Amino acid sequence: MDTLVPGRSGEIDWRREPVSSLTGFIIERFHAAHRAQLPELIQLARRVEVAHAGKDGCPVGLADLLEAFNQELESHMTKEERVLFPMLAQGARSQARGPISVMRYEHRHHAEALAQIASLTGGMTAPAHACATWQRLCEGLRQFDEDLNRHLQLENDVLFSLDSEVAEGAQNA
């Protein structure tokens, strides 16, 4: 598993960093990005659905799917920011087991939503006849997909997998 994730100054092995630094990075890099990406993607999807209704490959229902996903993801990120991340930063690893289990479950649901989006959009690829807005939508969806997958991987494979000794040692470093 790859624990090296780009940071501001090159790649960082987050297994060796304080938990609060990792959670701060996740909020700053990924949560902020998703909060900016999804409203724009919803707007682009609505424009494409209206302008290209009935055309081959038009992703009918994508805006509604993204809207629901935005609400779910916002709820998820808020729970992480207000409950789980502070708990982990304080070294309350054993108390965090339940919330971590819930977050992992929700991560699987997010991956399923991404698969639904990919299915609805032909692999997040605009058809040859697509206008610039449709192309921007698919480009934005691919970026969102990449960002969310990196986000989930970092949480699942690094943050949630840190053992108590490593987490406490990094916290006290």
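Each of HIS34, ALA63, HIS109 was placed along the dipole of the chain (beta-carbon charges, centred on the mean Cα), and the one lying farthest toward the positive end is ALA63. Working from Cα positions, state the angle (0 to 90°, nearest 10) between the long axis of helix 132-157 and the longest principal axis of the chain. On a 0 to 90 degree scale, this one is about 20.
Net charge near GLU106, counting Lys/Arg +1 and Asp/Glu -1 over other residues with Cβ under 10 Å of its Cβ?
So the environment of GLU106 carries a net charge of +1.
Tell me the angle of helix 97-120 to the major Cα principal axis of the chain, expressed in degrees between 0 and 90 and rounded to the nearest ten. Approximately 20 degrees, to the nearest 10. Charge dipole (Cα centre; +1 on Lys/Arg Cβ, -1 on Asp/Glu Cβ; no other charges) of segment 16-173 amounts to roughly 140 debye.
For n ≥ 4 DSSP H runs only, could you compute -39500 (n - 2.57) per run for the chain, divide by its residues and tell me the 222 nm figure to the nearest 500?
Working: 7 runs with 109 residues, N = 173.
Helix contribution divided over all residues of the chain: -21000 deg cm²/dmol.
Under the simplified labelling scheme, the GLU139-GLN71 pair shows an inter-label distance of 3.1 nm, with each label point 7 Å from Cα along Cα→Cβ.
Count Lys and Arg as plus one, Asp and Glu as minus one, and take only other residues whose Cβ is under 12 Å from that of SER75; the net charge is then -3.
Please find the FRET efficiency linking GLN43 to ARG82, where r is the Cβ-Cβ separation and R0 is fixed at 30 Å, and quote it to the nearest 0.05. Could the numbers behind the result be given before it?
Working: r = 27 Å, r/R0 = 0.92.
Given R0 = 30 Å and the Cβ-Cβ separation, E is 0.65.
Which residue, ALA132, ALA113, ALA89, tops the fluctuation ranking in a GNM of the chain built on C-alpha contacts under 10 Å? Highest fluctuation of the listed residues: ALA132.
Here, each number is a calculation from the coordinates, and none is a lab measurement. Quick caveat: nothing in here was measured; it's all calculated off a predicted structure. Every residue, glycine as well, gets a Cβ built from its backbone with ideal geometry; the counts of neighbours run over all protein chains shown.
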